Amino acid sequence: MTAATNIERAPTVDLKLEVVVIPVSDVDRAKSFYGSLGWRLDADFAVGDTFRVVQFTPPGSPSSIHFGKGITSAAPGSASGMYLVVSDIETARAELVDRGADVSEIFHRAGPGQPPVSGRHPERGSYRSYATFSDPDGNGWLLQEVTERLPGRVDTGATTFASAADLASAFRRAEAAHGEYEKQLGHRDEDWPTWYAEYMVREQIGEPQPS
């Protein structure tokens, strides 16, 4: 019998998720819905009567969605559990509702595998607050609030923010944490830009914060 061995090798190429295909029954209805959410329309082209592809990209997202005609055999409305990560779930939900989406109330989980509880996580724990909505066909989306990434989930060689809103939220969290730091110091921190920068980078890559 030959023993199986696992040898870890560093990837030689980047594999970046580009597009998720979602099945819809009415292309124009879906196009109107996702356009009303404020998502960017990247493409809409057809080849004859049997093929059409529409691409939308959510604000700040590096990945897009495709739907159309002749691009998937999946049943319309069968896509579910598609995550949209947001830095402030209350603001994100309010904007979606204002744009006409039927979004659930916010709920949270006390821990992995725990049943849902109404309202935002009381300590605003990262990855723990959610809300859901669907498109006209029933394809299901899940909003998830992420304010701090788990260790190993971010490339430590690069620190990026998906949008100006995400960067602003990071500044606000750094400001609040720095206020507590200055209380401990007992005086104004003249080098606060360096402290902010270190805090924001460490938060994104999941390293312990400066003390």
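Might you check whether a residue that is farther than 14 Å from residue 27 by Cα, of a type outside the set (Lys, Arg) and in contact with a strand residue (DSSP E or B) (Cβ under 7 Å, 6 or more places away or on another chain) occurs anywhere in region 65-77?
Step one: filter region 65-77 for residues farther than 14 Å from residue 27 by Cα, giving 73-74.
From what is left, the residues that are of a type outside the set (Lys, Arg) are 73-74.
Filter once more, keeping what is in contact with a strand residue (DSSP E or B) (Cβ under 7 Å, 6 or more places away or on another chain): none.
For region 65-77, residues farther than 14 Å from residue 27 by Cα, of a type outside the set (Lys, Arg) and in contact with a strand residue (DSSP E or B) (Cβ under 7 Å, 6 or more places away or on another chain): absent.
Spot the failing condition for residue 86; the list is (1) over 28 Å from residue 129 (Cα atoms); (2) buried (at least 17 other Cβ atoms within 10 Å of the Cβ), and only one is missed.
(1)
Residue check: is residue 45 aromatic (Phe, Trp, Tyr), in the same structural domain as residue 83 (by TED's automatic domain parsing), part of a strand (DSSP E or B) and within 23 Å of residue 97 (Cβ to Cβ)?
no
Which one is modelled with the highest pLDDT among residues in region 163-211 that are outside any helix (DSSP H, G or I) and touching a helix residue (DSSP H, G or I) at 6+ places or on another chain (Cβ under 6 Å)? Before the answer, list the steps.
We begin by selecting, within region 163-211, every residue outside any helix (DSSP H, G or I); these are 163, 186-191, 206-211.
Applying the additional criterion that residues be touching a helix residue (DSSP H, G or I) at 6+ places or on another chain (Cβ under 6 Å) yields 189, 209-210.
Working: 189: 84, 209: 68, 210: 60.
Taking the candidates together, the pick is 189.
Restricted to region 93-141, and to residues that are among the basic types (Lys, Arg) and assigned to a loop (DSSP other than H, G, I, E, B), which residue is modelled with the highest pLDDT?
Start the filter on region 93-141 by keeping residues that are among the basic types (Lys, Arg), which leaves 93, 99, 109, 120, 124, 128.
Those still in the list that are assigned to a loop (DSSP other than H, G, I, E, B) too: 99, 120, 124, 128.
Details: 99: 97, 120: 93, 124: 86, 128: 90.
The selected residue is 99.
Would you tally the residues in region 48-68 being of a type outside the set (S, T, N, Q), touching a residue at least 24 places away in the same chain (Cβ under 8 Å) and either assigned to a loop (DSSP other than H, G, I, E, B) or not assigned by TED's automatic domain parsing to the domain that holds residue 98 (or both)?
Qualifying residue count, region 48-68: 4.
Cβ-Cβ below 7 Å, separation at least six or inter-chain, first residue in region 132-150 and more than 16 Å from residue 32 (Cβ to Cβ), second among the basic types (Lys, Arg) and modelled with pLDDT under 95: which pairs?
If the second residue must be among the basic types (Lys, Arg) and modelled with pLDDT under 95, the pairs left are 147/124; 147/173.
What are the residue pairs meeting all of these: first residue in region 107-120, first residue over 21 Å from residue 133 (Cβ atoms), second residue at pLDDT 80 or above and part of a strand (DSSP E or B), Cβ atoms under 7 Å, and 6 or more apart or on different chains?
Matching pairs, first to second residue: 110/117.
The values are calculated or read from the model by the stated rules, or taken from the named source; none is laboratory data. This is a predicted model, so every value here is computed, not measured. Every residue, glycine as well, gets a Cβ built from its backbone with ideal geometry; the counts of neighbours run over all protein chains shown.
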